[in-house]
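Visitor: One structure, as structure tokens, below. Some questions next.
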């Protein structure tokens, strides 16, 4: 199993996500909420959780989700947006409106089935 994970880790990110989705035909760990709260986490942990969340949200059939990253210094927001820009399950994303969380959240449109 570890050899497989190491092999997958060397693949480009989009290829890795495609392989994970193909090989893990599973239901989400729990009912998937339409938002994930990442503020207060370091970037590496936040991006790991966000990737898992996006996979679960896609498998649940959600078409729009909110990623709460907080305002802070903007480091986590930039890391989240960079990941979203290259994620195969993300159609588009935008800064949340004031009533949706403003600069502390990002709204993500998921790809259609």
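Visitor: Residue under question is residue 82, and the condition is that it be over 16 Å from residue 43 (Cα atoms) and part of a helix (DSSP H, G or I); does it hold?
Guide: no
Visitor: Out of curiosity, is residue 16 surrounded by 16 or more Cβ atoms within 10 Å (Cβ to Cβ), at pLDDT 50 or above and assigned to a helix (DSSP H, G or I)?
Guide: Spelling it out, it is not the case that residue 16 is surrounded by 16 or more Cβ atoms within 10 Å (Cβ to Cβ), at pLDDT 50 or above and assigned to a helix (DSSP H, G or I).
Visitor: Out of the residues in region 57-68 that are crowded, with 19+ Cβ neighbours inside 10 Å and at pLDDT below 95, state the one that is farthest from residue 41 (Cα to Cα).
Guide: 58
Visitor: If you check every pair at least six apart or on different chains, which have Cβ atoms under 6 Å apart with a residue in region 39-53 that is under 13 Å from residue 65 (Cβ atoms) first and a residue that is surrounded by 14 or more Cβ atoms within 10 Å (Cβ to Cβ) and modelled with pLDDT of 95 or more second?
Guide: Correct list of pairs: 53/36.
Visitor: Considering only residues that are without any contact (Cβ under 8 Å) to a residue 12 or more places away in the chain and over 14 Å from residue 109 (Cα atoms), which ones fall in region 54-96?
Guide: 73, 74, 78, 82
Visitor: One residue is enough: does region 27-34 have a residue meeting the conditions surrounded by 15 or more Cβ atoms within 10 Å (Cβ to Cβ), modelled with pLDDT under 95 and under 13 Å from the mean Cα position of the chain (by Cα)?
Guide: There is at least one residue in region 27-34 that is surrounded by 15 or more Cβ atoms within 10 Å (Cβ to Cβ), modelled with pLDDT under 95 and under 13 Å from the mean Cα position of the chain (by Cα).
Visitor: Specify the residue that is surrounded by the most Cβ atoms within 10 Å (Cβ to Cβ); the eligible residues are those in region 90-105 that are touching a helix residue (DSSP H, G or I) at 6+ places or on another chain (Cβ under 8 Å) and modelled with pLDDT of 95 or more.
Guide: Within region 90-105, the match that is surrounded by the most Cβ atoms within 10 Å (Cβ to Cβ) is 93.
Visitor: Among the numbered criteria (1) more than 16 Å from residue 87 (Cα to Cα); (2) exposed (fewer than 11 other Cβ atoms within 10 Å of the Cβ); (3) modelled with pLDDT of 50 or more, which single criterion is violated by residue 44?
Guide: (1)
The values are calculated or read from the model by the stated rules, or taken from the named source; none is laboratory data. Since we're looking at a predicted model, the values are computed, not measured. Every residue, glycine among them, receives a Cβ derived from its backbone with ideal geometry; neighbour counts consider all protein chains shown.
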